[in-house]
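Trainee: Quick one: the structure is below, and I'll ask about it shortly.
The values are calculated or read from the model by the stated rules, or taken from the named source; none is laboratory data. In this text, all values refer to a predicted model and were calculated from it rather than measured experimentally. Because the Cβ atoms are built from the backbone with ideal geometry, glycine has one as well, and the counts that use them run over all protein chains shown.
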Amino acid sequence: MRDKINKTIHFAKETFKEDSSGHDWWHTHRVSKLAKQIAVKEKADLFIVEMAALLHDISDFKFNSNIEVGKNKVISHLKSLGIEGELIDKIWSAVETVSFRGANVLNKPTTLEGMVVQDADRLDALGAIGIARTFAYGAHKGRAIYDPEIKPTLHKTADEYLQRDSSSINHFYEKLFLLKEMVNTETAKKIAKKRHDFLKIYLKEFLTEWNGEDIK
Ligand code: NI
């Protein structure tokens, strides 16, 4: 089992070594560490959780031309490790449902392991690290830090969510502030609340400075 995990760590490191969109190897590393901690508390299968966490962004819809291309990358990696049958299905099922695809796009995991990995990924989008990743992702997409003339939108489809011009500050409203209500496990809910509160403090200070209200 350890050998399969080490090979998957290597695979993820290689895939994400050039990334500057907030989805670099260290994102995957944090998600897998947090997912394992949640898995222990929630009594989920540790091997499935760790494998799915390590693979969760390999197949992400944001980085592949379509879901089949991403799925093939994950499945062929698992087969190359000698993982077969039901175990492949369980890992893939947990990987498949991780991604946030827009405020009104439902993507609910069907297994406890899927819930745990989705929660860990969402928690990494919150708090101080979530803020850093938001601006990195915005720059990657050529977005402004903030543009008061563009109003936030709650997207109904994944395409709309990806395509629409927005700003990094709008991303707080379009995704980050919604995540607290979207995590699955009790363990993650507690962490989400703390990280959510920090986002609000940060945004308040950002807008205070933007509006020059801190000049006395
Ligand atoms: Ni991710």
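Trainee: Which one of these is in a loop (DSSP other than H, G, I, E, B) and among the β-branched types (Val, Ile, Thr): Ile150, Ile169?
Mentor: Testing whether each residue is in a loop (DSSP other than H, G, I, E, B) and among the β-branched types (Val, Ile, Thr) leaves just Ile150.
Trainee: Could you look through the stretch 106-121, keep only residues that are away from the ligand (no atom under 16 Å from the Cβ) and either part of a loop (DSSP other than H, G, I, E, B) or more than 23 Å from Lys4 (Cα to Cα) (or both), and pick out the one that is modelled with the lowest pLDDT?
Mentor: Of the stretch 106-121, the ones away from the ligand (no atom under 16 Å from the Cβ) are 106, 108, 110-112.
Filter again for either part of a loop (DSSP other than H, G, I, E, B) or more than 23 Å from Lys4 (Cα to Cα) (or both), leaving 106, 108, 110-111.
Working: Leu106: 69, Lys108: 84, Thr110: 89, Thr111: 94.
Result: Leu106.
Trainee: To continue, here is another question. Could you go through the stretch 17-29 and let me know if any residue there is surrounded by fewer than 16 Cβ atoms within 10 Å (Cβ to Cβ), modelled with pLDDT of 90 or more and not in a loop (DSSP other than H, G, I, E, B).
Mentor: Among the residues of the stretch 17-29, at least one is surrounded by fewer than 16 Cβ atoms within 10 Å (Cβ to Cβ), modelled with pLDDT of 90 or more and not in a loop (DSSP other than H, G, I, E, B), which makes the answer yes.
Trainee: Residues of the stretch 1-47 being more than 14 Å from the chain's Cα centre (by Cα), within 15 Å of the ligand (Cβ to nearest atom) and without any contact (Cβ under 8 Å) to a residue 12 or more places away in the chain, which ones?
Mentor: Asp19
Trainee: Still on this structure, I have one more. Condition check: surrounded by fewer than 20 Cβ atoms within 10 Å (Cβ to Cβ) and either more than 22 Å from Asp119 (Cα to Cα) or of a type outside the set (A, V, I, L, M, F, W, C) (or both). Does Leu207 satisfy that?
Mentor: For Leu207, the condition - surrounded by fewer than 20 Cβ atoms within 10 Å (Cβ to Cβ) and either more than 22 Å from Asp119 (Cα to Cα) or of a type outside the set (A, V, I, L, M, F, W, C) (or both) - is met.
Trainee: For the stretch 174-197, give me each residue that is buried (at least 21 other Cβ atoms within 10 Å of the Cβ) and charged (D, E, K, R).
Mentor: Once the filter is applied, which keeps residues that are buried (at least 21 other Cβ atoms within 10 Å of the Cβ) and charged (D, E, K, R), the stretch 174-197 yields Lys175, Arg195.
Trainee: Now for a separate question. If you scan the stretch 77-104, which residues turn out to be of a type in the set (A, V, I, L, M), modelled with pLDDT under 90 and away from the ligand (no atom under 16 Å from the Cβ)?
Mentor: Ala103
Trainee: Another one. Any residue in the stretch 31-47 that is closer than 25 Å to His140 by Cβ, modelled with pLDDT under 95 and either touching a Leu at 6+ places or on another chain (Cβ under 6 Å) or part of a loop (DSSP other than H, G, I, E, B) (or both)?
Mentor: The answer is no; no qualifying residue exists.
Trainee: For Lys71, state whether it is modelled with pLDDT of 95 or more, part of a helix (DSSP H, G or I) and away from the ligand (no atom under 12 Å from the Cβ).
Mentor: It is false that Lys71 is modelled with pLDDT of 95 or more, part of a helix (DSSP H, G or I) and away from the ligand (no atom under 12 Å from the Cβ).
Trainee: Something else about it: Here are some residues: Phe63, Phe135. Which one is modelled with pLDDT of 85 or more and of a type in the set (Phe, Trp, Tyr)?
Mentor: None of the others qualify; the one that does is Phe135.
Trainee: Right, something else. Please verify whether Phe177 is of a type in the set (Phe, Trp, Tyr) and under 30 Å from Val40 (Cα atoms), treating the condition exactly as stated.
Mentor: Criteria met by Phe177.
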